[in-house]
Amino acid sequence: MMTFQRPDGKSVEAYLVEPANPENAPGVVVIQEWWGLDDEIQSVAERLAKAGYRALVPDLYRGKLALEANEAEHLMNDLNFGDAASQDIRGAVQYLKATGSSKVAITGFCMGGALTVLSAGLVPECDGTVVWYGFPPLEYVDAQAIKKPMLAHWAIYDDFFSIAGVDQLEEKLKVAGVNYDFQRYDAKHAFANPKSDSRHLPPLQFNPEAAQLAWDRTMAFLKTQLAN
């Protein structure tokens with residue numbers, strides 16, 4: 001764990017994983033699911049670091065973790081999404097850029113996916129976004145402010161984020177001329193999280209085939225967008 005500064009000067013703790021050759025390595029800010037900064041989201045950062053990226057996960061819940069869905073919902077509802085995107089996440093991108101990464105992307109899962117969509121318009125320093133099955137209320141999405149490419153992975157059978165809402169978000173981005181790539185998977189919510197089945201929540205289901213395909217697409221996107 002380490003600490004970085006938000007644009008407003010406040011400190012945020014975060015989980016940082018450096019690649020084998022960190023000098024001039026591009027960066028990725030990873031945004032947690034609604035459970036918090038748990039082992040699974042840390043493993044995502046480690047996966048990215050093994051692929052050559054500096055991975056930084058800001059602790060949006062300030063040390064709190066949820067084990068049950070009702071706890072996670074409570075923590076998520078207490079989070080100020082606008083502040084998290086424009087301060088915590090922007091500060092994380094700025095930190096990576098100030099410490100050697102010329103290009104930085106943002107990626108997030110579930111709640112983190114929704115925050116990634118918001119950050120695409122609120123973090124001008126960002127060089128691309130990868131969204132995993134999550135979007136905010138569409139009235140909060142300033143599509144005109146999204147200037148960098150977005151890749152998004154959606155579950156067709158998602159009980160939390162409806163595919164109809166995905167279609168509406170896509171139309172909003174299309175009208176604004178955003179460079180986006182929406183990929184839809186024959187899967188349920190949180191299909192890329194190996195722990196989904198152990199949560200005993202029927203709307204969640206790990207789908208290894210969809211997860212691998214989404215990761216392959218993600219790595220190709222990051223390689224293109226973050227190349228120096």
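Every read-out reported here was derived from the displayed coordinates using simple, explicitly stated rules and does not represent laboratory data. Remember, predicted model here, so these are calculated numbers, not experimental data. As a convention, Cβ positions derive from the backbone with ideal geometry for all residues, glycine included, and neighbour counts pool all protein chains shown.
Here are a few things to note about the model shown:
- Taking 20 Å as the straight-line reach from the Cα of Lys10, the aspartates and glutamates in range (excluding those fewer than 8 positions away in the same chain) are Asp59, Asp78, Asp83, Asp88, Glu125.
- Backbone N within segment 111-140 under 13 Å of label point (7 Å from Asn24 Cα along the Cβ vector): none
- Under the span-like rule (Cα at least 27 Å along the axis, Kyte-Doolittle mean at least -0.5), DSSP H helices of the chain: none
- Nearest-0.05 FRET efficiency for Glu209 and Asp8, computed from C-beta distance (R0 45 Å): 0.55
- Restricting attention to segment 138-197, the count of lysine pairs at 8 or more positions apart or across chains with alpha carbons under 24 Å apart stands at 5.
- Between the beta carbons of His74 and Asp197, assuming R0 = 25 Å, the FRET efficiency works out to 0.60 to the nearest 0.05.
- Based on DSSP H segments of at least four residues, each scored -39500 (n - 2.57), the chain has a per-residue ellipticity at 222 nm of -10500 deg cm²/dmol.
- Lysines whose Cα lies under 19 Å from that of Lys50, excluding same-chain neighbours fewer than 8 positions away: Lys103, Lys223
- Virtual spin-label span in nm between Asp39 and Glu125, 7 Å along Cα→Cβ: 3.3
- Cα gyration tensor shape of the chain, rounded if a/c is under 1.5, else prolate or oblate by comparing a/b with b/c: rounded
- Model label sites at Ala98 and Ile156, defined 7 Å from Cα along the beta-carbon direction, differ in position by 4.6 nm.
- Near-label residues of segment 167-192 by backbone N, under 15 Å of a point 7 Å along Cα→Cβ of Tyr140: none
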